[in-house]
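Heads up, the thing below is written out as structure tokens.
The values are calculated or read from the model by the stated rules, or taken from the named source; none is laboratory data. Because the structure is predicted, anything quoted here is derived from the model rather than measured. Cβ placement follows ideal geometry from the backbone for every residue including glycine, while neighbour counts extend to all protein chains displayed.
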Amino acid sequence: MDERLSLENRIGVELKSYDGLMGIYIDDLRGNVIRRNEREPFETASTIKLFVLAALFEQIHRGEISLSDMLEYRQEHVIDGSGILSSMEVGTKLSVRNVATLMIIVSDNIATNMLIDLLGVDRINDCIQGLGCKDTILHNRIDFERYSRLGTSTPADYASMWVRMAQGTLVSREASERMLEICRQQHYNSMLTKSLPPYYLDADNYDEEIIYVASKSGSMNACRNDGGIVSTPYGKYVIVLFNKDFSDSQYYPEHPATVFGARVSRLIFDQYLALEGRLKL
């Protein structure tokens, strides 16, 4: 095959006019990996919540916490930003399962602080390091008045979490299945699916679900990130797209990071389907 037509080169050409830096890690789980700035450190924004989820399930696996345990939404958990708990009364009680679900699927910041306080920053970071994510750290709980950052990671570290989840080895097989179930309910998935053919994303078009995405995105002024597992009839692949150093910090659907990330995602999707489950010949 002409090297100029390689997937890596096509991605490079696509990003020529991008005003920013994109870190990319894609794994077809069959030995083929696409990397670009994969060891570059990025602000995580809400993608750190996947690491919090893994730390939670590690404690559940050890029998120290149960999904049915009840947590109380207290005044010290209150924080602005994404989610729905800010619209609920302080004092509301929810199960650990429901708090974890809200943290992921609507990126609820209050739910995140509830779990960070339950687990502790140090224990979460110990779990992250134990998973081999040496370049990832949760700096602090969410508090925009006190802290300007939340976490730091790399596309390679973030992708490793999704690869393990897809393989059933993130904490344990049962934990991986439960985390996958939660992440499949994600409400914020604009980058990975923005340019995918609508037919595949509308379950009304076929009798059985043939395409699904399990993901966790994150955005702050300095970054636009997304990553997860795309499942197709030919198997699953992992895709992570981290963005920084762009000039436009505003939030809107057609932000360049989202648009160019969506284009890369579509390139990967088309290649994977065309080669029936592989990224490369």
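Observations on the structure shown:
- The range 166-185 residues that are free of Cβ contacts under 8 Å to residues at least 24 places away in the same chain, paired with ones that are among the hydrophobic types (A, V, I, L, M, F, W, C) and crowded, with 20+ Cβ neighbours inside 10 Å (beta carbon under 7 Å, 6 or more apart): Ser176/Met165; Ser176/Leu170
- In the set (1) farther than 17 Å from Ala175 by Cα; (2) surrounded by 12 or more Cβ atoms within 10 Å (Cβ to Cβ); (3) in contact with a Ser or Thr (Cβ under 8 Å, 6 or more places away or on another chain), Leu118 fails one condition alone, (3).
A quick yes/no check of all residues on (1) aliphatic (A, V, I, L, M); (2) touching a strand residue (DSSP E or B) at 6+ places or on another chain (Cβ under 9 Å); (3) without any contact (Cβ under 8 Å) to a residue 40 or more places away in the chain:
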| residue | (1), (2), (3) |
| --- | --- |
| Asn9 | no, no, yes |
| Lys16 | no, no, yes |
| Asp19 | no, no, no |
| Ile24 | yes, yes, no |
| Ile34 | yes, yes, no |
| Ala45 | yes, yes, no |
| Phe51 | no, yes, no |
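- Pair list, Cβ under 6 Å, 6 or more apart: the range 127-142 residue closer than 12 Å to Asp157 by Cβ, other residue charged (D, E, K, R): Cys133/Asp157; Asp135/Asp157; Thr136/Asp157
- Residues satisfying the stated conditions in the range 165-190, i.e. part of a helix (DSSP H, G or I) and under 11 Å from Gly228 (Cα atoms): Met165, Ala166, Leu180, Cys183
- Restricting attention to the range 94-114, the residues that are assigned to a helix (DSSP H, G or I) and closer than 21 Å to Ala214 by Cα add up to 13.
- Where Leu201 falls short, out of the listed (1) within 23 Å of Tyr18 (Cα to Cα); (2) surrounded by fewer than 22 Cβ atoms within 10 Å (Cβ to Cβ): (1)
- Contact map, the range 203-217: residues that are within 23 Å of Phe242 (Cβ to Cβ) and at pLDDT 65 or above paired with residues that are assigned to a loop (DSSP other than H, G, I, E, B) and among the aromatic types (Phe, Trp, Tyr), Cβ distance under 9 Å, separation 6+ or inter-chain. Pairs shown: Ser215/Tyr188; Lys216/Tyr188; Ser217/Tyr188.
- Residue that is farthest from Arg62 (Cα to Cα), among those in the range 166-188 that are touching an Asp or Glu at 6+ places or on another chain (Cβ under 9 Å) and buried (at least 17 other Cβ atoms within 10 Å of the Cβ): Tyr188
- Leu85 surrounded by fewer than 20 Cβ atoms within 10 Å (Cβ to Cβ), touching a Ser or Thr at 6+ places or on another chain (Cβ under 9 Å) and at pLDDT 90 or above: no
- Scanning the range 218-268 for residues that are outside any strand (DSSP E or B), aromatic (Phe, Trp, Tyr) and in contact (Cβ under 8 Å) with a residue 12 or more places away in the chain returns Tyr234, Phe246, Tyr251, Phe260.
- Members of the range 82-126 found to be without any contact (Cβ under 8 Å) to a residue 40 or more places away in the chain and β-branched (Val, Ile, Thr), listed by number: Ile84, Val90, Thr92, Val99, Ile110, Val121
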